[in-house]
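*Asks:* Below is the structure I would like to discuss, written out as structure tokens.
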Amino acid sequence: MLNIAYIGDGKSTNRYHIPFSSQVEEITIKTIQARSGHNDMWDEVPGATYVKDVNDIWNDSEIDLVVICTPPQSHYKLAKEALMNGKHTLVEKPFAETSEEARELFAVAEDKNLFLQCFQNRRFDSDFLTVQKVIESGVLGEILEVEMHFDYFRPEVPENAKEFERFESFLYTHACHTVDQVLSYFGDPLDIHYDVRQLLGEGRMNDYFDLDLNYANNLKVAVKSSYFRLKGRPSFVVYGKKGTFVKETKDRQEEHLKLFYMPTNADFGLDLPEHYGTLYYMDDAGQYHEEKIVSEVGDYGLIYEGVYESIVNGKEKIVKDDETIHQLEILEEGIQEMKTYQNGFIK
């Protein structure tokens, strides 16, 4: 068995972690820590002990893995404490504030022969897995361009933010998902063009980004997000020499979790036919085809299965150290390239 403790008892722990870790038979949730005590918004986990003092975790020799689900400003400090106390560690995204902090943490983990990984559950989004299936089928031919969108219409979020905060920026809070997807599947780009904006003006929230990651053979992967899209763009569009694949809707696991519809349900997170993507292509005989593609099944629990296999059976980590470091380098550079436009000119 792998005994785990959570630091943090909020939405992250209870919505995005516990429903999946609790499905892995070999994992036991032993302790949950929060300075103010158990959060009554969420049901207590059967068998888990709720504590206020984080030292109760550090001093418990039965705890194998610590999962850090606190605000990102605390990730570096808590991850280092966990490692220094001999605990394997899983850290929510963004993993740290800087790539330098990430390098230090991975060095400590290596020195102490401990597992350390970023929690990149979005690698197991249904839409992302379906895109991979279509690309690997070869029906689109050579891939020329991929567009990834993560749009909202939530103008109140940037409008209520009166000053810029790195960890509250759209780039840090959402490109931490999408950029990781790109790096995990396409690898390191040759070059990146950054368009990171403060649409409401200088000193305000970063509420828009458009990153072009360029690869060999003229492949471009564009990662785009905005808080001001009343009609969101498709989740994915893939353009090849022989066709196009459009996936309008996103993975539904988060949608179901918000409704407290849990992974214990057989149809949890599954796309319905109206959510399926559409494939348009020309075959080798020059005939046009248009068809729906049944979505792959997303499963955030695969992250926890991978964590167990890495710690207990020594298998390779799902999320590699250099992927986490490079993603943070991209976020850092993007923020440094942030632009404010006034009267059509960059300020």
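Only the coordinates and a few stated rules stand behind these numbers; no lab work does. Keep in mind that this is a model prediction, so the values were computed, not measured. Positions of Cβ are generated from backbone atoms using ideal geometry, with glycine treated the same way; all protein chains shown enter the neighbour counts.
*Asks:* With Kirkwood's inverse mean 1/r over C-alpha pairs for Rh, give me the Rg to Rh ratio of the range 137-250, two decimals please.
*Replies:* Numbers: Rg = 15.2 Å, Rh = 15.0 Å.
Using only Cα positions, Rg/Rh for the range 137-250 is 1.02.
*Asks:* ³J(HN,Hα) across the range 278-283 via Karplus (A = 6.51, B = -1.76, C = 1.60, θ = phi - 60°), whole Hz, x for Gly/Pro?
*Replies:* 10, 9, 10, 7, 9, 7
*Asks:* Also, quick follow-up: Ignoring GluC sites (Glu not before Pro) that are buried or in helix or strand per DSSP, and keeping those with at most 10 other beta carbon atoms within 10 Å, what is the longest stretch of the chain between them?
*Replies:* 164-315
*Asks:* For the range 132-164, list residues with backbone N below 19 Å from a point placed 7 Å from the Cα of Q287 toward its Cβ?
*Replies:* 138-141
*Asks:* Can you compute 3J(HN,Hα) from phi for each residue in the range 101-117, using the Karplus curve 6.51 cos²θ - 1.76 cosθ + 1.60 with θ = phi - 60°, rounded to whole Hz and x for Gly and Pro?
*Replies:* Coupling constants for the range 101-117: 4, 4, 4, 4, 5, 5, 5, 5, 4, 5, 4, 9, 6, 10, 7, 9, 8 Hz.
*Asks:* Also: With the calculation restricted to Cα positions, what are the radius of gyration and Dmax of the chain in angstrom?
*Replies:* So, for the chain, Rg and Dmax equal 21.0, 68 Å respectively.
*Asks:* Based on the Cβ-Cβ distance from Y50 to A107, what FRET efficiency comes out when R0 is 35 Å, to the nearest 0.05?
*Replies:* Values: r = 33 Å, r/R0 = 0.94.
Between Y50 and A107 the formula returns 0.60.
*Asks:* What number does the range 81-157 give for Rg over Rh if you use C-alpha atoms and the Kirkwood radius? Spell out each step's value before the answer.
*Replies:* Numbers: Rg = 18.4 Å, Rh = 16.0 Å.
Here Rg/Rh amounts to 1.15.
*Asks:* Given H placed 1.01 Å from N in the peptide plane, which residues other than close sequence neighbours of L2 have an amide H under 5 Å from its amide H?
*Replies:* I27, T28
*Asks:* Quote to one decimal, in nm, the extra length available between E159 and N214 on full extension: 0.36 nm per residue of separation minus the C-alpha distance between them.
*Replies:* 16.5 nm
*Asks:* Pick out, in residue order, every one of the chymotrypsin sites (Phe, Trp or Tyr not before Pro) in the range 124-164 that is DSSP loop and has at most 13 other C-beta atoms within 10 Å; say none if there are none.
*Replies:* Those that pass, being in a loop and sparsely packed, number zero.
*Asks:* Simple spin-label model, 7 Å along Cα-to-Cβ: V294 to E25 in nm?
*Replies:* Placing both labels 7 Å along Cα→Cβ, they lie 2.7 nm apart.
*Asks:* Of all trypsin sites (Lys or Arg not before Pro) in the range 110-163, which ones are in loop regions per DSSP and have a Cβ with at most 15 other Cβ atoms within 10 Å?
*Replies:* Taking the range 110-163 and a limit of 15 other Cβ atoms within 10 Å, the loop trypsin sites (Lys or Arg not before Pro) found are K112, K162.
*Asks:* Compute the Rg/Rh shape ratio of the range 234-279: radius of gyration over Kirkwood radius, all on alpha-carbon atoms.
*Replies:* Answer for the range 234-279: 1.12.
*Asks:* Further question: Report ³J(HN,Hα) in whole Hz for each residue of the range 52-60, in order, from the Karplus equation J = 6.51 cos²θ - 1.76 cosθ + 1.60 where θ = phi - 60°; Gly and Pro get x.
*Replies:* Here the 3J(HN,Hα) series is 9, 9, 5, 5, 5, 7, 4, 8, 9 Hz.
*Asks:* Classify the range 1-59 as rounded, prolate or oblate, taking a ≥ b ≥ c as the square roots of the eigenvalues of its Cα gyration tensor: rounded when a/c is under 1.5, otherwise prolate if a/b is larger than b/c and oblate if not.
*Replies:* oblate
*Asks:* If I fit a long axis through the Cα atoms of helix 170-186 and take the longest principal axis of the Cα atoms of the chain, what angle between them do I get, 0 to 90°, rounded to 10?
*Replies:* Between the helix axis and the principal axis of the chain, the angle is about 70 degrees.
*Asks:* Which of K224/K317; K220/K258; K11/K241 have a Cα-Cα distance over 32 Å? List each step's numbers first, then the result.
*Replies:* Numbers: K224/K317 28 Å; K220/K258 34 Å; K11/K241 43 Å.
Those over the limit are K220/K258; K11/K241.
*Asks:* Still on this model: Hey, for a label at N3 modelled as a point 7 Å past Cα toward Cβ, could you say which residues of the range 32-54 have their backbone N under 18 Å away?
*Replies:* Label zone hits: 32-34, 45-54.
*Asks:* Give me the mean projected area, in nm² to one decimal, of the convex hull enclosing the Cα positions of the range 2-119.
*Replies:* 6.7 nm²
*Asks:* Could you tell me the relative contact order of the chain? Use alpha-carbon pairs under 8 Å, at least six residues apart, and round to a whole percent.
*Replies:* 19 percent
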